[in-house]
Every structure is written in C-alpha cells, then in structure tokens.
Amino acid sequence: MLLRKKKVKADVAEGALFCRLAGDKVVETARVLAISQDLVGIPHVRFRVHHERTEASDELRTLSLASFKELFCERATA
C-alpha cells in the first residue's frame with residue numbers, strides 16, 4: 001500500500017493561508033505573498049512562514065507550486 005500526502009484542495013492564491021504540522025508538534029502557517037513563473041515556466045510560491053513554537057517566528061521562503069502544495073496541505077483561517 002502506498003502512502004500519499006494530502007493535496008491542497010483549495011487554490012493557492014496571494015493572501016491565502018495554509019498550515020502544516022512540522023516535526024515535534026510545531027505548527028507552521030504560511031501566508032502566500034506571490035506566485036510567479038521561473039524562466040522555464042515552472043510556477044513558484046513566495047510565502048512568509050510563521051512557526052508557532054520557536055523564537056525566530058517568521059521566515060521568507062520560495063518553493064515550486066507543486067512542492068508548496070505537498071508541504072502545506074491544509075487551508076488555514078485568518
């Protein structure tokens with residue numbers, strides 16, 4: 001039996017919030033800042049992530065749209 005991660009059901013759009021459980025019961029919440037394509041045409045998501053249990057709470061990151069959807073598979077509320 002293959003295990004698969006849940007896919008994001010909601011569309012990824014600027015301003016949307018997504019969350020995930022990231023190791024040792026740390027919740028990461030990502031706010032989508034922008035979606036753009038690289039030179040090859042692969043869409044990427046630029047987002048700010050907040051760690052609920054760590055001192056350094058905000059980081060700026062960029063991932064491909066596909067990777068973002070795999071990691072942040074739950075839509076969060078504001």
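What follows is calculated from the coordinates using simple rules that are stated; it is not laboratory data. As the structure is a computational prediction, the values presented were derived from the model and not from experiment. Cβ placement follows ideal geometry from the backbone for every residue including glycine, while neighbour counts extend to all protein chains displayed.
Values for this structure:
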{"item": "Alpha carbon convex hull of the range 17-75, projected area averaged over orientations, nm²", "result": "4.0 nm²"}
{"item": "For the range 62-77, 3J(HN,Hα) per residue [Karplus equation, 6.51 cos²θ - 1.76 cosθ + 1.60, θ = phi - 60°, Hz, x = Gly/Pro]", "result": "9, 9, 5, 4, 4, 5, 4, 5, 6, 6, 9, 9, 10, 6, 9, 9"}
{"item": "Approximate spin-label separation His51-Glu70, in nm, with each point projected 7 Å along Cα-to-Cβ", "result": "2.2 nm"}
{"item": "In Hz, Karplus ³J(HN,Hα) per residue of the range 21-26 (6.51, -1.76, 1.60; θ = phi - 60°; x = Gly, Pro)", "result": "8, 10, x, 4, 6, 9"}
{"item": "Student exercise, the range 17-75 dipole from Lys, Arg, Asp, Glu Cβ charges, in Debye to nearest 20", "result": "180 debye"}
